[in-house]
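The structure appears below as structure tokens.
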Amino acid sequence: MKEKYQIVTESLKTVETQVTALLGEGKAAQEHLLSLLCQELEALNEIDGKTPIDEALKQATLLLGSRFHSDAQSGLSLLCSGHILQASIMQRDMTEVVVLIQYLQLHPKEADAFMKSKSLSQRKRFSLPKVWKTIPNGQSYRDQFDITSASAHPSSVGLGMALRPERKANTKLFIGPFYQPFPTVMVFQTIIVSILEIVVLLHKWYKDSAAWPLNPNELKILRKAILAHLIHLRSEAEKQDSKLEDTILFFKGKSLEQVEAMWKKMNEIVTCLPKE
């Protein structure tokens, strides 16, 4: 007998309450990181480019940083509303921005062409599939982007992101918004790691500029606190998620590994920050 599918929606208010309670201080940490990103972008905006190339790179970084900030805000809002798949799609764009901003930093002469690109063919020149090979840890970003892209399409992976594994006879229940602790934490982890990464990268690139707003020691302390909280969140999510055995299959060995790879890279960056 063929399986039947039923669309069911949980109470949005209930889901929001559950997700907010689960994320706890993590939600405030993400909002704090976004405020730090805003401070960095404001400081960057005040820097005068010494050459046309520097100015184009600055404008491109501001543009991409603003796009990243918007993605992160939207991702958190969607996640707190129980829309896990949609939040992961925002995270996919964040991944592309992180790759592109690193590419332009490594190839500053390309910034002007990026800012002037209008046609589809011109924009494709700067797409993640085109530039990932030129940046450190590019394969990790490419894999993460591909996994999320697969989730966004009507495939078995996409069904896994949109399906809470419950069964009633021959019916699978698609529930959205819904509260599913483990996937929620995994998507949240990827989003907050991306924000911390871009904040640290901007600090690394522009820390010698006058009146740069962030203290490197604060970044190190914040990173340590966030990592500890994420470990705690995963433990709590595993305890709460009665369907963990099913849902973990869509994350274990995929997005988890990519996030861990990003953390390894983060360690290298933070190690380069000035010591106390």
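Residue check: is A111 farther than 30 Å from Q240 by Cα and either among the hydroxyl-bearing types (S, T, Y) or surrounded by fewer than 22 Cβ atoms within 10 Å (Cβ to Cβ) (or both)? Spelling it out, it is not the case that A111 is farther than 30 Å from Q240 by Cα and either among the hydroxyl-bearing types (S, T, Y) or surrounded by fewer than 22 Cβ atoms within 10 Å (Cβ to Cβ) (or both).
Only one of the listed residues (L44, L104) is closer than 24 Å to R142 by Cβ and in contact with a Phe, Trp or Tyr (Cβ under 8 Å, 6 or more places away or on another chain). That residue is L104. Out of the residues in segment 192-225 that are of a type in the set (D, E) and in a helix (DSSP H, G or I), which is nearest to the chain's Cα centre (by Cα)? Here the residue is E197.
Condition check: of a type outside the set (A, V, I, L, M), buried (at least 21 other Cβ atoms within 10 Å of the Cβ) and either on the phi < 0 side of the Ramachandran plot or modelled with pLDDT of 95 or more (or both). Does T9 satisfy that? Criteria not met by T9.
Pick out the one residue from R123, R92 that is more than 17 Å from the chain's Cα centre (by Cα), within 24 Å of T148 (Cα to Cα) and not small (G, A, S). Answer to the selection: R123.
The values are calculated or read from the model by the stated rules, or taken from the named source; none is laboratory data. None of the values given here were measured: they were computed from a predicted structure. FYI the Cβ positions are ideal-geometry reconstructions off the backbone, even for glycines, and counts take in every protein chain you see.
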